[in-house]
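The values are calculated or read from the model by the stated rules, or taken from the named source; none is laboratory data. Remember, predicted model here, so these are calculated numbers, not experimental data. All Cβ positions, glycine included, derive from the backbone under ideal geometry; neighbour counts span all protein chains shown. Remember, those area values only see protein heavy atoms, side chains included, never the ligands or the DNA or RNA. Shrake-Rupley method; radii C 1.70, N 1.55, O 1.52, S 1.80 Å.
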Amino acid sequence: MIADYGKNLRCYREFANIADMVLAFVERCEKEQLEDGRYDLEQGIFALVQMYRTKPKAGAQMESHRLYCDLQYIVEGKEKIYWEHTDNLTVAEDKTPESDIIFYECGTDKGYTLLEKGMFGYYAPTDGHMPCIMAEEPGETKKIVFKIPV
């Protein structure tokens, strides 16, 4: 799991071949006010633009993915994203390969990262994550989830 500001994306070796593309899409999203939906990019990467209201942690589930890593970029608003290594989680429902998502029983977590406008969180297949959780109170958030093939 990595959390940082988007302006630092180019500093990470892991993102060397995609940083320019990701940041260009973020700029396009902000400039053109792109609608919610899927946008196919390059190298098998696609972006999911999402606008939603954050929710309480109670009843939320950890998730992970096998085929894609998530790079979640906050365009507007803020949210908490809880994290736990998948070795420490118990599978509740495995929807792979048709949906590439595994849900886990409520349980442990290592805490959360508060992501605000201009920040990203990166989650590899072994990073269970619980996104869309409210900070102080529920609020509107616009996020781009970049799905990066493993």
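Given a 1.4 Å probe and every protein chain left where it sits, what share in percent of the accessible area of segment 1-83 is carbon and sulfur? Mind dumping the intermediate values first?
On the way: 2190 of 4680 Å².
For segment 1-83, the apolar C and S fraction of the accessible surface comes to 47 percent.
How much accessible area per residue does segment 1-48 have, counting only protein heavy atoms and a probe of 1.4 Å, in square angstrom? Can you show the working numbers first?
Working: 3190 Å² over 48 residues.
Result: 66 Å² of accessible area for each residue.
Can you tell me, using C-alpha contacts under 8 Å and at least 6 residues apart, the relative contact order of segment 60-110 as a whole percent? Show your work: numbers first, answer last.
Values: 58 pairs, mean separation 25.3, N = 51.
Result for segment 60-110 is 50 percent.
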How much net charge surrounds Glu93 when only other residues with a Cβ under 15 Å from its Cβ are counted (Lys, Arg +1; Asp, Glu -1)?
-3
Charge tally for neighbours of Lys117 with beta carbon under 11 Å away, counting Lys, Arg as +1 and Asp, Glu as -1, is -1
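Cα gyration tensor of segment 11-85, axes a ≥ b ≥ c as square roots of the eigenvalues: rounded (a/c below 1.5), prolate (a/b > b/c) or oblate?
Working: a/c = 1.87, a/b = 1.27, b/c = 1.47.
Taking the square roots of the gyration eigenvalues as a ≥ b ≥ c, segment 11-85 is oblate.
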Cα axis of helix 19-32 to longest principal axis of the chain: angle in degrees, 0 to 90, nearest 10?
80
Between segment 134-148 and segment 44-63, the alpha-carbon center distance in angstrom
7
Under a point spin-label approximation (7 Å from Cα along Cα-to-Cβ), what is the Phe103-Ala58 distance to one decimal in nm?
1.9
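Cβ neighbours within 10 Å, averaged per peptide: list 40-52, 64-76 in order, most packed at the top. Provide the component values of the computation, followed by the final result.
Values: 40-52: 14.5, 64-76: 20.0.
Final packing ranking: 64-76, 40-52.
For segment 4-47, what class follows from the C-alpha gyration tensor (a ≥ b ≥ c being the square roots of its eigenvalues): rounded when a/c is under 1.5, otherwise prolate if a/b is larger than b/c, else oblate? Don't jump to the answer; show the numbers that get you there.
Values: a/c = 2.66, a/b = 1.44, b/c = 1.85.
Judged from the Cα gyration tensor, segment 4-47 comes out oblate (a/c at least 1.5, b/c at or above a/b).
Can you give the extra length, in nm with one decimal, that the chain gains between Arg28 and Gln43 once fully stretched, where that is 0.36 nm per residue apart less the Cα-Cα distance? The partial results should precede the final answer.
Working: separation 15, 0.36 × 15 = 5.40 nm, distance 1.84 nm.
Gain on extension, Arg28 to Gln43, equals 3.6 nm.
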In Å², rounded to a whole number, the accessible area per residue of segment 87-150 with probe 1.4 Å is 48
Could you tell me the calculated FRET efficiency between Glu93 and Asp36, based on Cβ-Cβ distance and R0 = 25 angstrom, to the nearest 0.05?
0.55
Tensor-based shape of segment 69-110 (alpha-carbon gyration tensor, a/c under 1.5 rounded, otherwise prolate or oblate)
oblate
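Contact order normalised by length for segment 75-150, with contacts defined as Cα pairs under 8 Å and 6 or more residues apart; what percent is it? Walk me through the numbers before you get to the answer.
Values: 112 pairs, mean separation 37.0, N = 76.
Reported relative contact order: 49 percent.
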Suppose only helical runs count, i.e. DSSP H with n ≥ 4. What mean residue ellipticity at 222 nm does that imply for the chain under -39500 (n - 2.57) per run, divided by all residues and rounded to the nearest 500 deg cm²/dmol?
-3000 deg cm²/dmol
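Where the accessible area of segment 97-150 is counted over protein heavy atoms with a 1.4 Å probe, how much of it, in %, is carbon and sulfur? Spell out each step's value before the answer.
Values: 1310 of 2370 Å².
Answer for segment 97-150 is 55 percent, counting heavy atoms of protein chains only.
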With the 8 Å Cα cutoff and a minimum separation of six or more residues, the chain has a relative contact order in percent of 38
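Considering only Cα-Cα distances, which of the following residue pairs are longer than 24 Å: Lys7/Lys31; Lys31/Lys95; Lys57/Lys78; Lys31/Lys78; Lys57/Lys142; Lys31/Lys110? Working shown, then result.
Numbers: Lys7/Lys31 17 Å; Lys31/Lys95 35 Å; Lys57/Lys78 14 Å; Lys31/Lys78 19 Å; Lys57/Lys142 18 Å; Lys31/Lys110 36 Å.
Going by Cα-Cα distance, Lys31/Lys95; Lys31/Lys110 fall outside the 24 Å limit.
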